[in-house]
Amino acid sequence: MATNRNATNSDDRSLMGIRSPDDDLNKQIIRILEADGRAPFSEIAQKLGVSEGTIRNRVSALRKNNMLRIVAMTDPIATDYQTDAMIGLKVASGATPSDVAARFENDNRVVYILWVAGRFDLMVEIVSDDADALKDFLDAEVYSAADIADAEVMLGLKNFKNQFLLKRNWRRNDD
């Protein structure tokens, strides 16, 4: 029986790398999937010099342990939105930043929510089709909301860098 327990402990140790996002191979796999979440396992395996089964097992273990999620996202820059604004929010007394963030998190116009320290409690980025849509959002979701004490809207004029862009070949235009 001791042999079986030791084998199990050994198996657990050998799986630790598979389950860890800090493992070098896992980091490489994650980088590739960040660039293209639909990359075939065979292609990833070829790039990394391992078997397709190894990639399949690693991705499966990372997903099973909630360390990796593969999701589809839209790129607001690529979808021709006309307005982009950052909104600094002060949360009202009696509300929490988590409460306000939860209210915004399923709104497709909201692309970024960050709890911050300093002058604001939250920084929220929204994109919209035009200035009227931005005003409608502000009226309905910000200025009339009891959980927000104050807001400062900073309209985006030009995006110089966004490391979160999904476009792989994006280059800054010097218009």
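The convex hull built on the alpha-carbon positions of region 40-154 has an orientation-averaged projected area of 9.9 nm².
Only counting other Cβ atoms within 10 Å, I'd like K158, K90 sorted with the fewest neighbours first. Provide the component values of the computation, followed by the final result.
Working: K158 9, K90 16.
The order, fewest Cβ neighbours first, is K158, K90.
Quick one: length gained pulling R103 to D23 fully straight, 0.36 nm per residue minus the C-alpha distance? All intermediate terms of the calculation are to be shown ahead of the outcome.
Values: separation 80, 0.36 × 80 = 28.80 nm, distance 3.57 nm.
Gain in length upon complete extension: 25.2 nm.
Taken together, the values in this text are just the output of simple stated rules run on the coordinates, not laboratory data. Given the structure is predicted, the values throughout are model-derived calculations rather than measurements. Because the Cβ atoms are built from the backbone with ideal geometry, glycine has one as well, and the counts that use them run over all protein chains shown.
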